[in-house]
Amino acid sequence: MDHYITAFGRINSTQASRNGKRFWSNQEGLKLADSLKAIYKILGMNYLKFFKMDEMSKLGVLGAEILLKDLNLTYQAHEIGILMLTSESSLFTDQKYFETISDSQNYFPSPSLFVYTLPNIVMGEIAIKNNLKGENICFVQDQFKSHLLFDYANYLLTRGSQKALLLAFIDVTKNDYECFMILIENNIKNNFGSFTSSRIEELYCNE
Amino acid sequence: MDELIHQLKIEIISCLNLEGLSPEEIDATQPLFNEGLGLDSIDALELIVLMDKTYGLKIVEASKGKEIFYSVGTMAKYIMENTKS
């Protein structure tokens, strides 16, 4: 069965886009937290739990919202899976948490930071927000690897356990951030190319 | 007491990232959990840290938590009764 890329989106420190069309530009030079808040507002979201998340989860939830917002997907919850790739893992939040325990004279471990000190929590937040109950897996790699995403996604799709997949690359560092997501479906309408490793690479690098 | 309640509301909003909520919108008698502000278990842990970090009060008996953290008012009452003036 052939599969296609039916939506893709990106958020970084300069812009946010959906299917190659920019809908937010960081003209004011906003820092990470304010950028995420600005995109949240533009997307018209009303999800107060968003504000309790760490930056990595916020980025992932916004990325998923960009893709899924106007799509009326008819799959059952367990038929949509998530594959995620990150090179920085949850280090940004790990460091924030570490600051709460590094001073023995001011030792107050933050429970709300601690719960985000794993990168796969992002997938949990995306799944909860969008009622996705399919399979999910998080890879920590040194860089974006389209062939890894393709190979594992292809395995799930051809095995038939998943009918649609959300593929994500999410990274947050002290000075930069990035979220790139694509949706894979067996739907030839309005697609952005066949689901191949080279097409993923092309969208990641050029769009 | 009123001043403490107001200060607590500001601290809770900041500590729990209650976006868009102002101190005036929190009724000191309304429940913090479930039907009130809808806080969750992680929020409860953050409130315990807040009491320790800001007021030097360690909540060691879990059974008392429900009563202490029922509302902003009960939190303020506990602080008043357990801190030196």
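The numbers here are math on the coordinates, done by the rules we state, and not lab data. Just so it is clear, the structure is predicted and the values come from calculations on it, not from any experiment. Reconstructed Cβ throughout: ideal geometry from the backbone, glycine too, with neighbour counts over all protein chains shown.
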Open item on the list: Suppose R0 equals 41 Å. What FRET efficiency, 1/(1 + (r/R0)^6) with r the Cβ-Cβ distance, do B:Lys58 and A:Lys37 give to the nearest 0.05?
Closed with: 0.75
Task: Computed over the range A:4-206: relative contact order in percent, which uses C-alpha pairs under 8 Å that are six or more apart - done: 33
Task: Phi to ³J(HN,Hα) by Karplus 6.51 cos²θ - 1.76 cosθ + 1.60 over the range A:157-167, Hz, x for Gly, Pro - done: 6, 6, 5, x, 6, 10, 9, 9, 9, 9, 9
Task: Packing-based exposure ordering (other Cβ within 10 Å, fewest first) of A:Asp94, A:Asp2, B:Asp40 - done: A:Asp2, B:Asp40, A:Asp94
Open item on the list: Run through the range A:1-76 and list the trypsin sites (Lys or Arg not before Pro) located in a DSSP loop whose Cβ has at most 12 other Cβ atoms within 10 Å.
Closed with: A:Lys31
Open item on the list: Along the charge dipole of the protein assembly as shown, pointing to its positive end and built from +1/-1 on Cβ of Lys, Arg, Asp and Glu, which listed residue (B:Tyr78, A:Phe50, A:Ser17) has its Cα farthest out?
Closed with: A:Ser17
- [ ] Work out the mean other chain Cβ neighbour count within 10 Å for the residues of A:106-116 and drop it here as an integer.
- [x] 4
Open item on the list: Between the range A:7-41 and the range A:137-160, what is the separation of their alpha carbon centroids in Å?
Closed with: 25
Task: Coarse-grained scattering of the range A:26-111 at q = 0.17 Å⁻¹, given as base-10 log I(q)/I(0) from a Debye sum over alpha-carbon atoms - done: -0.92
Open item on the list: For the pair B:Leu45/A:Val140, report the inter-label distance in nm, with labels modelled 7 Å from Cα in the Cβ direction.
Closed with: 1.9
Open item on the list: Relative to 2.2 N^0.38 Å, what does the C-alpha radius of gyration of the range A:4-206 come to as a ratio? Two decimals please.
Closed with: 1.02
Task: Fewest-first sequence of A:Leu166, B:Leu8, A:Leu32 by Cβ atoms within 10 Å of each Cβ - done: A:Leu32, B:Leu8, A:Leu166
Task: Net length gained if the chain between A:Asn190 and A:Asn131 were fully extended (0.36 nm per residue, minus Cα distance) - done: 18.9 nm
Task: Assigned charges on the beta-carbon of Lys, Arg, Asp, Glu; the range A:4-206 dipole about Cα centre (debye) - done: 700
Open item on the list: Helix-only estimate, please: 222 nm mean residue ellipticity of chain A, summing -39500 (n - 2.57) across DSSP H runs of length 4 or more and dividing by its residues, to the nearest 500.
Closed with: -10500 deg cm²/dmol
Task: chain B: relative contact order as a whole-number percent, Cα under 8 Å and 6+ apart - done: 34
Open item on the list: Largest first and in whole Å, what are the equivalent-ellipsoid semi-axes of chain B based on the Cα gyration tensor, each being the root of 5 times an eigenvalue?
Closed with: 18, 15, 12
Task: Theoretical FRET efficiency, 1/(1+(r/R0)^6), r = Cβ-Cβ of A:Asn206 and B:Leu21, R0 41 Å, to 0.05 - done: 0.45
Open item on the list: Just to confirm the filter: which chymotrypsin sites (Phe, Trp or Tyr not before Pro) across the range A:1-88 are DSSP coil and have at most 16 other Cβ within 10 angstrom of their Cβ?
Closed with: A:Tyr47, A:Tyr75
Open item on the list: Could you tell me how far the Cα centroid of the range A:162-194 sits from the Cα centroid of the range A:50-98, in Å?
Closed with: 11
Open item on the list: With only alpha-carbon atoms in the gyration tensor, what are the semi-axes of the equivalent ellipsoid for the range A:133-197, in Å, largest first?
Closed with: 23, 14, 11
Task: Residue order, fewest to most surrounding Cβ atoms within 10 angstrom, among B:Val60, A:Val122 - done: B:Val60, A:Val122
